[in-house]
Structure formats: C-alpha cells, structure tokens
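So the structure is just underneath, and the comments pick up after that.
The values are calculated or read from the model by the stated rules, or taken from the named source; none is laboratory data. As the structure is a prediction and not an experimental result, all values here were calculated from the model. Ideal geometry is used to build each Cβ from the backbone, glycine not excepted, and the neighbour counts take in all protein chains shown. SASA here: full protein model, heavy atoms, side chains in, ligands and nucleic acids out. Shrake-Rupley method; radii C 1.70, N 1.55, O 1.52, S 1.80 Å.
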Amino acid sequence: MEQFKGQSRLPKFAVPKRYDIRLKPDLTACNFAGSVAIHLHIVADTTFIVLNVADLSVHSASLSFDSSSKVLEPSKIELVEADEILVLEFPHTLPLGIGVLNIAFQGTLNDKMKGFYRSTYEHNGEKKNMAVTQFEPADARRCFPCWDEPACKATFKVTLDVPSELIALSNMPIIEEKVDGHLKTVSYQESPIMSTYLVAVVVGLFDYVEDHTSDGKADRGKFALDVAVKTLGLYKEYFAVPYSLPKLDMIAIPDFAAGAMENYGLVTYRETALLYDEQHSAAANKQRVATVVAHELAHQWFGNLVTMEWWTHLWLNEGFATWVSYLATDSLFPEWKIWTQFLDESTEGLRLDGLAESHPIEVEVNHASEIDEIFDSISYRKGASVIRMLQSYLGAECFQRSLASYIKKYACSNAKTEDLWAALEEGSGEPVNKLMNSWTKQKGYPVVSVEIKDQTLVFEQSQFLSSGSHGDGQWIVPLTLCCGSYDARKNFLLQTKSETLNIKEFLSDKSNSASAWIKLNVDQAGFYRVKYDEDLAARLRYAIENNYLSATDRFGILDDSFALCMARQQSLTSLLTLMGAYREEVEYTVLSNLISISYKIVTIAADATPDLADYVKQYFISLFQCSAEKLGWDPKTGESHLDAMLRGEVLIALALFGHDPTLNEASRRFQAFLDDKNTPLLPPDTRVAAYMAVMRRVSNSNKLAFESLLRLYKETDLSQEKTRILSSLASSPDPNIILEVLNFLLSSEVRSQDAVYGLSISMEGRETAWTWLKDNWEHISKTWGSGFLITRFVSAIVSPFASFEKAKEIEEYFASRSMPSIARTLKQSIERIHIYANWVQSVQNEKHLAEAVKELAHRKY
C-alpha cells in the first residue's frame, strides 16, 4: 500500500464511468449519510483500487466490488488522511472490464464552506440551515468517495432523501419525487460526462424568480436572469455549440467563500454576485452581477464541456472565462465601456506579476492543498490579459473560428494549454505555441524601453520587477505603436533583446517627427510596460493635456509611470507632474486609477516625509475638485452608469484626504439617511463615501456615527449594504476604534465569508491591526485556515507596511506558524513591504521634491 502514498495523482488502473450517488442530509443534526455505486472500467492488472476520500467515515462492511462473475470483498482497507485517499486491497487480481464498487459512508455538514456544508438563513425570524456543496478544486471527496481529478470524467446519477417541504436541486432536472410523510426521495436525470468538481447539490427553502413573492429576495433575481438568458444565446453563437444541458439554475447562497461556482447546470453564487435591487443596489453592484453571471456561464463551455486536464491548466478555465465575460457584457451593455474597465484586471495582473514571488500562468501542482493558492490574479487576470493580447494579435474573427473548432474537438473531454495553442496555430498560420510559451511557462513580463535617436526608435526589453532589480526573462512581444495619430500604426514581434525602427516612412505628413507623440502598446492590449525617454514622455504629456489620446492609452501611460516610480526608475516629482496632465480627465476607468494611485502616494509620502503629506493631499484634492464639482452628490437624470460609479469614488477620495466641505456634506446626508431610510439624499452609489467620511471623524470620545453604522449593519438584510458598511468601518483614524471594528469582524454578527471586507484599514490603524492579527491568529487560522479567505487576512494586514524592521518582525512571527495555504501570499506580502521600504528611502533622498510638491499644492487650476 505504501506505493500510493505521497503521490500527486491517483493511479490509472481503474477508470470511473458512472456514479450512482444517494445522499440523505440531516439539517438539524448537521450530518449526512450516503452510498455510492461506482461503475469502473478495470484497464490493467491490479489487486488495488485507490480513490479519494476526505473527512468521511466509510462503512467497511459495505465495501464490495461486483464484477460480471462474482462479488469481491477487499482483504485490506486503509484510509490515508494525509493524501486523502482510500486504498482497497483485494485478495486476487481484479478481472479486466466493467465492475461496480459499492461504498456506504457518513459525513458532517461542516461550516467551512467546502465539500457538503451548511449555510444559515432566517425564515420568519427563525434561524434555519440549508445544505449546499462547493467541490472545486478538490472537495467532492468530502461528500462521496470518488476519483476527484478533473480528467476522471464520468456520468452522475443523483438521488436525495430530504425533508418534504424543502427544495432540492442538483445538476440535472428531476425525474421523480416520491413523498413519504415528512421525507421525500428526489431522483435526477443522469448527467452527461463531467468532472467531479462540477457535481452540485443544494437543499433548503428558496424563493425563485418565477414566483414573485412580495417578501422574499425573488425580485432581486430578475436582472441576473435576464443577463443569463441573453448570454447563453450569445455564447451559443460565439462557440458555435449550444448549451449542453436541459436546464440551468442559478442560486444565491448566504454563506459562500468564493464569488460564484460554475457547477454544471446549477451555478451557485454569493448573494452580492447574483441579487440586484433597483432601489438598494449601486451601479457597481449591477456591473458585478452582470460580469459574474457572464463569467460562470462561459464556464459551461470553457471548463465544463471542455475541461483542463489537471490544475496546472486552471488558467485555461479562469483566464478564459474572465476574458469572455467582458466580451458578453460589452455586447449587452456597450455604454459601460467594459473593455476600458478591463484594464483594471490587467493592472492587477501586472501588479502581482511584478513580484519576484509571482508564479508562471502554468504552475506545477503536486498536492491538492496547493491548488487553492493559484486561484489568484495570475490565473484569472494575467490569464485573461494574455488571451486579449493574443486575440488582438491574431484578429477577432480568426480567433473565434479557431476557438469554436477547439471546443468541438475537445467537447466532453480534457485539454491542456498546448491543445488550445495548436488549434489557434492551425487557424491562423502564426507561431502561436512559440509566442505564448514565453507568456505562460515563465513568470513575469517585460518593460520595453524606447528612446528616439534622430528618426530612429530604439527598443529594448528587460524583465520588469517592482523591486527595481532586473530579472533575466525574455519574451516574444507583440509590439504595436502609433505615431502622431491613430492612423499611423505599426505592429511587429519583438523577438530579441533590442531592435530599431526607422519612423520616417510612417509619420503622417502633418506630423513633425521632432514633436509627434509616439505611443507603444496601443490601447494597452499587450501585457507589458513601457518606459519612454524624457523627450518622448514630454510629448505624451502634451498629447494627454490636449486630449489627443484614447482613454485606454491615457490609462496605460499613467499606470506604467506609477509602476516605474515604485520601482525607483523614475522620480516621484515626475509622476506627480504627469498626474497634473489629468486634471480635466472625465473617463471613469482613468480617473479611478488616478485615485488609486493617489492613495498609495499619500501613504508613501506620509511614511517618507510626514511634513509633506498634507501638501500632497492638498494637491490631490485640487486635482479631483473639478470632477467632484461636476458630479456633485446627487444623481442627475439620465446620467451614465459610469458617472454613477465615478461619483462615489471621487467623493471617497476627497473624504479620505480630509476635504472639510466633503466631510461636512457627508455628515449632513448621513444624518438625513438615519432619520429616513428612503431619503433621496443618500442613494446606494454615494453611501460608502458618506460612511467612510463619518468614520474619518469618529474617535473614542465621539462614537455616535460608528454606533449608527453598526445598527444599520444589523438591521439590513441586503448583503450589498452589509458589504458597503463593512468596507467603511476601518477608515477611522483612531486605533481604539480600529480595534473595535476588527473584533466586530470576528463576532457572530458577521458571516465568516464577509469578514475580509472589513480589512481595508486606515494608515493610522496599521500597527493595531498587526497586533490584533497576532492576538487572534489561532482563532483566525482555525476559522478560515482551510479555504483561500485566510490569504486575505495576511495580505490586507501585512502588505501596507513600509519598513525593513517590520518585514523582519513579520517574517519571524510566521516562521513557526506557517501553513501551506498562506506560504505564497506571505512571501508576496513581505516582498511588497521591502518594495515600499525601498521606495520610501528613495523618496526621502529625492532632491527638489519638497519645492515641487509645495508648488503643485498651491497651483490654481
């Protein structure tokens, strides 16, 4: 039996073909009984059967293997907890061909939001349990014994024994329901061939959207339903294959660790990602629901119909579903300019991938416990960004055609990254495999430096690292550039370290080569950064001020400049001066990034040169004033979705930078809202701004607003409102209040899935939060340690520091408390502290910074 221990994959001598699963959950005692009959194909001589089991007690007396000729019982049974496997040894070699493995078992409906777990809800003022599954990546084995690997596809026939008043759903439609007193037996159609991580069961009392009950949450499902119906039609055309199941349920679960899960035919969601209420939801909530629904439905093809062969290729699922969800959302809501907003995804990918502690898109996975950590910005956001880069290089039509043939070829089967490249290479005639390997098999990305000498451009690539050190990666970079206008374009592959280009021939007649702006990475379609020489940078600044550039290009110039400044390859003075060119910016995505960048600069300035911090805030207030005055506090009739989202972000910035008129107005409107919840003075889009503003003035001696917010939190049943309140509480500058907020997150008032929303802590609260994390680490690691949410505690509380001493202290603290699920996040967070600490030192040594900042702060626009 020893040979099976410590292996990353199950042995291949038995192949599951079909599962007959019967489950009987007890929602009062919070446990379940079950049995499974697995139809196996024995394909090689063996005396063993090895499959996955975790946290289940298996009835050994029930174990048998029925082959065509006889019933065999195992002579030896071993459950290996460390490897989550059940090893059965039989006295004789098993006959080749089909046989049935029978197992009866019992388990607990846990509260860890994985496997078969319980979620709580209130019905008529009474607390009730529901039973729900979450199997991705490797937790089907916590519900029934199985070959819990994506490549072991089989069909599933599910039967449930449940209380007769409850709704019970699974992947497939119900074929029959037999009621026997208080219990009923529900059987479902057999599923098509699929992976175990996509099997799902939900048992509870639900409102559903055809029902239109007045008091439930049903009406809040209409928007998502509408998006889903349209999206399925869109994907049917795009992939040239219709949705493959007879029904699709989408269901909101009160306790849910991820955002949503694409179970075949039964997609589960957090309430915030599915429920939308015209009156109480913000514009950002509406957009979140649309993109999440589009993402999960994309998986019904990319993931469910065609599945990655192993978790190494997880990015194929996630990067692709992320990219295509933007395609669908853009088609349904063109006015959202969602492809411009896609840059937020790319930026997050670039931010994580600029760390030495990043990882390649294709990452070796040797143990189930390592999988959780790769559900990160690399798999989702860098994955989606390199797909966008490739699509823009190959062209949309060729890309779509090749994808459709890939889906057709691998339907009901499994594929690896190289299978997708082969399909795209065949469809385009381009060297896709060679090009893309440089982006998926090595971590990181390049910064392309460009300088102009006479009429020649000189390009050079090197690996970009936020630490400022140089990595040795090299890429095949699809370079695009425009010169003086968007009509004068050039595209080529940069395949070497450096290259030159004569720009004489494609300068438009009007533009003068001595002053024409030159922009690389047009529309930011490529996953790389660009560093311009002084001359080219000045031309671009002029082009921004005169509004010659697209929003995506304005975004890219700003974001690259910020990244280069953090990596100490550009002065803070030059970044601040560039930001001044954006004072008349109106595009949501560009302004939103400008605001995020300003937050980081303010904290770095406060750490580096405390006496300058107020001047920096002053400068940013004057920069955002123009937008704030234009947008005001009150929504305008017929305004765009993007203005509605921008209003809140601009007001939050002014509040956090201590702008008194904004703080006073927030306080007035908050008071009006407390007196009358239906006041038009505080619609959902500006609530976070008002909540954060009043928290900025809360202190130990003035707690009224804090207590009011806690009361609002307890009274509302809308998850989105709860999230708005949680994300505002930690803005207080008073460490005593911060401690109260953090303790509130651990109280029974806050669902464990939601605690992470309260961790965006004010700069003044950093030390308090770190002490709190240490004091409560045992409880936190016990409650969240088995899922991926624990990583949020570490990154949110550790990353904001900016001193080498702190990094050392944090490293020493965790040296004896490490666990595999946080190892990567911890290294990344400590690396960030080092990056910030170096940045602080370089800002302290920057000549002329003080006069520049004072001059900018007093400049009148």
Rounded to a whole number, what is D in µm²/s for the range 1-115 from Stokes-Einstein with the Kirkwood radius over alpha-carbon pairs (4 °C, 1.567 mPa s)? 86 µm²/s
Could you give P(r) for the range 268-324, binned at 5 Å from zero, as whole percent values over all Cα-Cα pairs? 4, 19, 24, 17, 15, 10, 6, 3, 1
Straight-line reach from K236: which lysines have a Cα under 18 Å away, not including same-chain ones fewer than 8 places off? K247, K408, K409
Calculate, for I193 and Q7, the FRET efficiency according to 1/(1 + (r/R0)^6) with r their C-beta to C-beta distance and R0 22 Å; round to the nearest 0.05. 0.30
Of all alpha-carbon pairs in the range 376-420, indicate the percentage at a distance above 18 angstrom. 39 percent
Put a dot 7 Å past each Cα toward the Cβ at K497 and I174; how far apart are the dots in nm? 6.9 nm
How large is the accessible surface per residue of the range 589-631, computed with a 1.4 Å probe and reported in Å² as a whole number? 33 Å²
Compute the separation of the alpha-carbon centres of the range 645-660 and the range 488-506 and state it in Å as a whole number. 42 Å
Write down the Å³ per residue value for the convex hull defined by the alpha carbon atoms of the range 722-861. 137 Å³
Where the convex hull is taken over the Cα atoms of the range 398-553, what is its projected area averaged over directions, in nm²? 11.2 nm²
Given pairs K490/K600; K382/K600; K153/K441; K76/K128; K286/K806; K443/K854 and cut-off 31 Å on Cα-Cα distance, the over-length ones are K490/K600; K76/K128; K286/K806; K443/K854
Which angle from 0 to 90°, rounded to the nearest 10, does the C-alpha axis of helix 804-815 make with the longest principal axis of the chain? 10 degrees
In the calculated pair distance distribution of the chain, what percentage of Cα-Cα distances lie above 35 Å? 53 percent
Relative contact order of the range 90-200, please, whole-number percent, based on alpha carbon pairs below 8 angstrom and at least 6 residues apart. 23 percent
Given just the C-alpha atoms of the range 326-377, how large is their convex hull per residue in cubic angstrom? 94 Å³
Report the rotationally averaged projected area of the range 73-159 based on its alpha-carbon convex hull, in square nanometres. 8.1 nm²
At 7 Å along Cα-to-Cβ for each site, give me the label-to-label distance between R859 and R583 in nm. 0.6 nm
The range 222-262 and the range 449-466 have their Cα centres apart by a whole-number Å value of 45 Å
If you wrap the range 264-415's Cα atoms in a convex hull and average its projection over all directions, what's the area in nm²? 10.4 nm²
List the pairs from K114/K782; K5/K157; K222/K630 whose alpha-carbon separation is above 21 Å, in the order I gave them. K5/K157; K222/K630
Once you have the alpha carbon radius of gyration of the range 205-348, what is it after dividing by 2.2 N^0.38 Å, with N set to its residue count? 1.03
Could you give me the ³J(HN,Hα) list for the range 26-40, computed from phi with Karplus coefficients 6.51, -1.76, 1.60 and θ = phi - 60°, whole Hz, x at Gly and Pro? 10, 6, 8, 7, 6, 9, 8, 10, x, 8, 9, 10, 9, 7, 10
Do any GluC sites (Glu not before Pro) in the range 1-97 lie in a loop, going by DSSP, with at most 12 other beta-carbon atoms within 10 Å of their beta carbon, and if so which? E81
About the Cα centre, charge dipole magnitude for the range 280-390 (Lys/Arg +1, Asp/Glu -1 at Cβ), debye: 560 debye
Cβ-Cβ FRET estimate between N736 and T716, R0 fixed at 30 Å, reported to 0.05: 0.70
Pull out the extension gain between S413 and K490, defined as 0.36 nm times the separation in residues minus the alpha carbon to alpha carbon distance; nm, one decimal. 23.7 nm
Leaving out ligands and nucleic acids, note down the accessible area per residue over the range 1-97 with a 1.4 angstrom probe, in whole Å². 49 Å²
Using the Karplus equation 6.51 cos²θ - 1.76 cosθ + 1.60 (θ = phi - 60°), what ³J(HN,Hα) coupling, rounded to whole Hz, does each residue of the range 378-383 give in order, writing x for Gly and Pro? 6, 4, 7, 8, 5, x
Compute the signed sum of charges (Lys and Arg +1, Asp and Glu -1) over the other residues within less than 11 Å, Cβ to Cβ, of F670. +2
Hey, can you grab everything whose amide H is under 5 Å from the amide H of D255? Only 5+ residues off in sequence or another chain; H modelled, so Pro and N-termini drop out. T120
Sites E767 and R792 - FRET efficiency at Förster radius 22 Å, r taken between beta-carbons, to 0.05: 0.70
Quick one: Debye curve from the C-alpha atoms of the range 384-471, no solvent, what's log10 I(q)/I(0) at q = 0.20, 0.26 Å⁻¹? -0.98, -1.27
The range 783-854, accessible surface, carbon-and-sulfur percent (1.4 angstrom probe): 53 percent
Hey, any idea what Rg/Rh is for the range 605-748, computing Rh the Kirkwood way over Cα pairs? 0.98
Inter-probe distance in nm under a simple model that places probes 7 Å from Cα toward Cβ, at Q455 and E364: 5.3 nm
